[in-house]
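Scroll down for the structure; my scribbles are underneath it.
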Amino acid sequence: MSRRERWHAHTARSMEHAMFVPLYRTRARRRLLVATGATGLLVIWADAVVSWYIAPSDTAVTVNFVLLAVTLVCYLPSVTTLNAATHGLASLPERRLDERQVAERLRAYTVANTLMRLILTLVVAVVLASMWGDGPASRVPGAAIALGLIAMWLTHLVLPLLVAGWRLPDPPPDDDHDDHEAGDQAGAA
């Protein structure tokens, strides 16, 4: 077994850990995780904008580290849990997914691609509008460029997972639970 195969097998096993289940059991919880992950992405976008206006300065460095910490606190737990909730739909190779997961992955990537095109169009419009003229905003600090590229890369990377987590339906109720309730209702009648 190659190193890559061992890594994918380890990743697939780690997504089945029971400690994640209470965090993503219901659609409302999964959507809260999506909102938390999206908040982490928005904070890094905000960090790029803040850097554009206040970099280079000591304040900019402090603000960058604080906002990056907030990003990590929101982003990492939500993305990890959403990966477990979707059973690796956006991160595992296609050969490790069943047909239903492959179809859902395709839908998630299609929606994410459309959203990413809208985001990129908005970013280009805002950057061009901001750089129009001779004000201080027309000069872009390197930190803002770097953070903007990181924000775009992370958004592109995680958007399919956020879409899949948002769309994921609740699992059907357990048959044992339904049979038990049917038996209780029959006994009461």
Starting at the first residue of segment 85-94, write each ³J(HN,Hα) from the Karplus equation 6.51 cos²θ - 1.76 cosθ + 1.60 with θ = phi - 60°, in whole Hz, x for Gly and Pro. 5, 8, 6, x, 3, 9, 10, 7, x, 4
Extension gain, residue 57 back to residue 103 (0.36 nm per residue minus Cα-Cα distance, nm): 11.7 nm
How much length is gained if the chain between residue 32 and residue 94 is pulled fully straight, taking 0.36 nm per residue apart and subtracting their Cα-Cα distance, in nm to one decimal? 19.6 nm
Kindly put 8, 17, 156 in sequence by how many other C-beta atoms sit within 10 Å of each C-beta, fewest to most. 17, 156, 8
Around residue 112, under 14 Å between beta carbons, what's the net of Lys plus Arg minus Asp minus Glu among the other residues? +3
Please compute the length gained on full extension between residue 18 and residue 113, using 0.36 nm multiplied by the number of residues separating them and subtracting their Cα-Cα distance. 31.0 nm
Cα→Cβ-extended label distance, 7 Å offset, between residue 134 and residue 7, nm: 5.2
Karplus 3J(HN,Hα) series, Hz, for segment 30-47 with 6.51 cos²θ - 1.76 cosθ + 1.60 (x for Gly, Pro): 5, 5, 5, 5, 4, 4, 5, x, 5, 4, x, 5, 4, 5, 6, 5, 4, 4
Sites matching chymotrypsin sites (Phe, Trp or Tyr not before Pro) across segment 118-172 that sit in DSSP coil, with at most 15 neighbouring C-beta atoms within 10 Å: 132
If I take every Cα pair under 8 Å that is 6 or more residues apart in the chain, average their sequence separation and divide by the length, what percent do I get for the relative contact order? 33
Counting only other residues whose beta carbon sits under 12 Å from that of residue 162, what net charge do I get with K and R as +1, D and E as -1? +3
For segment 7-44 and segment 59-86, what is the separation of their Cα centres, given in Å? 13
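Quick note: the coordinates plus some simple rules give every number you see, no bench work behind them. All of these numbers come straight from a predicted model, not from anything done at the bench. We place every Cβ from the backbone using ideal geometry, glycine too, and count neighbours over all the protein chains shown.
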